[in-house]
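Here is the structure we will look at, set down as C-alpha cells.
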Amino acid sequence: MPVGSEPAAPAVRIDGLRFHWERGAGFALSVPTLRIAPRESVLLLGESGSGKSTLLSLICGIVTAQDGTVAIAGTDLARLRPGARDRFRAEEIGVIFQQFNLLPYGSVIDNILLPLRFAPARRSRAAAPRAEAARLCTALGLPSGLLERPAGRLSVGQQQRVAVARALIGRPPLIVADEPTSALDAATQDNFLRVLFEQTQAAGSALMMVSHDERLAPRFDRVLRLEDIAHTERASA
C-alpha cells in the first residue's frame with residue numbers, strides 16, 4: 001500500500017444487523033458481523049428458506065434492517081433515503097438473478113446497457129458503453145451477431161451470459177449472484193463459473209454468491225455457512 005493511502009473500504013460490512021419482516025411474516029434474521037473484502041469471492045451456503053434471499057435483499061438495500069449497519073463500499077445504506085438507495089444500488093451493485101430477469105423482447109445489447117440508464121457514474125466508468133458491452137459479450141463467449149437479437153430468443157446458457165454482462169457493465173464494486181447455477185447441468189455450470197470469475201476479477205469487483213450446492217465451495221476465496229454467521233427465528237404456527 002502506498003505511504004499515506006487509506007485502506008479500501010470493505011465491499012460489504014455488516015455490524016449488529018437485526019431484521020424482521022413486518023405484517024406477521026414470523027421471520028427474523030440477525031447477523032452480528034460480516035466483512036467481504038474488495039475483489040474477494042465469497043460463497044454463502046444455506047438451505048432453501050434459511051434466510052439467504054433476505055440477507056441478499058438487505059445487502060442490496062431492497063429492504064432495510066431495524067437495527068445495525070449494512071455498508072457497501074463504505075456507504076451505510078440506512079443513511080440513504082429510499083430513492084437515493086435505489087440509485088446507489090444501480091451505481092454500485094451488479095445483480096445476477098436466479099431467473100436472469102431479462103427483458104425478453106429487448107435486444108441483448110439493450111439488456112446489458114439497461115443499468116447504465118439509471119446510473120450516470122457507472123455509465124462514465126464504462127467509457128464507451130456499447131463497445132464495453134460488446135467486449136463483455138466476446139469475453140463471455142457470446143457471438144457479436146447476437147447483440148441485436150431479442151433476449152427471449154436465446155438459449156438458457158446465452159441468457160445467463162447476458163445477465164452476467166449486465167451485472168458487470170460499468171465495473172460495480174460488488175456483484176451479487178442469487179443461485180445462478182441451480183438450473184444448469186455440470187458442464188454448463190463449470191463453464192459459467194469460469195467466465196464469471198474471470199470477468200469479476202477483470203472488473204475488480206467483489207463477488208458474493210448464494211447457493212445450497214456445497215460442490216461449488218473449492219472455487220471461492222472463502223465459504224460461509226449462513227447458520228455460522230446469522231441467527232434466524234420463526235414464529236411457531
TODO: Over the stretch 85-179, consider all pairs of different Cα atoms and compute the Kirkwood hydrodynamic radius from their mean reciprocal separation; express it in Å, one decimal.
DONE: 13.0 Å
- [ ] Convert 10 °C to kelvin, take the viscosity as 1.306 mPa s, use the Kirkwood radius over C-alpha pairs of the stretch 1-109 as Rh, and evaluate the Stokes-Einstein diffusion coefficient in µm²/s, rounded to a whole number.
- [x] 101 µm²/s
TODO: Place a +1 charge on the Cβ of each Lys and Arg in the stretch 12-234 and a -1 charge on the Cβ of each Asp and Glu, then give the dipole magnitude about the Cα centre in debye, rounded to the nearest 20.
DONE: 780 debye
TODO: Can you put T75, T69 in order of Cβ neighbours within 10 angstrom, beginning with the fewest?
DONE: T69, T75
TODO: State the answer as a single residue: which of L147, A71, L56 lies farthest towards the positive end of the charge dipole of the chain, with beta carbon charges of +1 for Lys and Arg and -1 for Asp and Glu, about the Cα centre.
DONE: L147
Open item on the list: Restricting to bridges with both residues inside the stretch 12-234, how much of the DSSP beta-bridge set is antiparallel, in percent to the nearest 5?
Closed with: 55 percent
Open item on the list: Students often get this wrong, so try it: which of (i) 25; (ii) 15; (iii) 11 is percent of Cα pairs over 34 Å apart as calculated from the structure shown?
Closed with: (ii)
Open item on the list: Rounding to the nearest 10 and keeping the result within 0 to 90°, find how far the Cα-based axis of helix 129-139 lies from the longest principal axis of the chain.
Closed with: 90 degrees
- [ ] Positive end of the charge dipole of the stretch 12-234 (Lys, Arg +1 and Asp, Glu -1 on Cβ, about the Cα centre): tell me which of A230, L45, L102 has its Cα farthest that way.
- [x] L102
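Read-outs: derived from the displayed coordinates by stated rules, not from any lab. It should be emphasised that the depicted structure is a prediction, and the values quoted were computed from it without experimental measurement. Heads up, the Cβs are rebuilt from the backbone with ideal geometry, glycines too, and the neighbour counts pull from every protein chain shown.
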